[in-house]
1. What Rg and what Dmax come out for the range 106-157 when only alpha-carbon atoms are used, in angstroms?
2. Sequence-distant or interchain residues sharing an amide H contact under 5 Å with VAL117, placed H: which?
3. Please give the contour-minus-distance gain from ALA143 to GLU72: 0.36 nm per residue of separation, less the Cα-Cα distance, rounded to one decimal in nm.
4. For the range 141-157, take each phi angle, set θ = phi - 60°, evaluate the Karplus expression 6.51 cos²θ - 1.76 cosθ + 1.60, and give the result in whole Hz per residue in order, putting x for glycine and proline.
5. Please report the antiparallel percentage of DSSP beta bridges with both residues in the range 56-157, rounded to the nearest 5.
6. Exactly which trypsin sites (Lys or Arg not before Pro) in the range 77-125 are in a DSSP loop and have at most 12 other Cβ atoms within 10 Å?
7. Given the protein chains as shown and a 1.4 Å probe, how many square angstrom of PHE38 are accessible, to the nearest 10?
8. For ARG39 and ARG122 in one chain, what is 0.36 nm times their gap in residues minus the Cα-Cα distance, to one decimal in nm?
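The values are calculated or read from the model by the stated rules, or taken from the named source; none is laboratory data. What you are looking at is a predicted structure, and each value in this text was computed from that prediction instead of being measured. No Cβ is skipped: glycine too gets one built from the backbone with ideal geometry, and neighbour counts run over all protein chains shown. Note: accessible area is taken over every heavy atom of the protein model, side chains too, but ligands, DNA and RNA are not part of it. Shrake-Rupley method; radii C 1.70, N 1.55, O 1.52, S 1.80 Å.
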Amino acid sequence: LASLPTMQASLAGSAAGRSGGAAPRVLLVVDGANVARFRQDGSFRPSALRACVEFFAREGVPEARVVVTLSETHWQTVVADAWGKSLDAREGVAWTPTGTDDDLFTIQLAASSGAWVVTNDRFENHPAWAAPVRGRLVRFAFAGASLFVPAADDLDR
């Protein structure tokens, strides 16, 4: 865990455009595995990530200021369609190394940028690390297969 500042720099860079300019401030971090595996059967659905990101885009959060944290083991599944390729091309995914705890990347990126986190994870296995972001968690559900519904009381904070 001593290398978290290094991870922070790496994750912050994933929000930057390919222009080489400074990274825009990340406003929203999507816990990719948590959102994509929300179904009862635990299947991984990239369409859930799209529904989430597009919901917040409609609400005025620019997609360039949203980063999805996700294990690199899901790369092929995510980039299999045009939207996933576009997300990856604009560096909207912080690909976490295989075998690491992607929650720590999610927490650190959100803590360092002051961003909100879309997740149903309470990060109870990381109490000290998660403390700075606990008040910025946005819980969610899906109505049907792809209608993303964030918890209204979380959005009111």
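1. 11.8, 35
2. VAL29, LEU137, VAL138
3. On the way: separation 71, 0.36 × 71 = 25.56 nm, distance 2.78 nm.
Length gained, ALA143 through GLU72: 22.8 nm.
4. 8, 10, 9, x, 7, 9, 8, 6, 10, x, 5, 4, 5, 6, 6, 7, 6
5. DSSP beta bridges in the range 56-157 are roughly 40 percent antiparallel.
6. Details: sites: LYS85, ARG90, ARG122; in loops: ARG90, ARG122.
Answer by residue number: ARG122.
7. 80
8. Working: separation 83, 0.36 × 83 = 29.88 nm, distance 1.74 nm.
Between ARG39 and ARG122, full extension yields 28.1 nm more.
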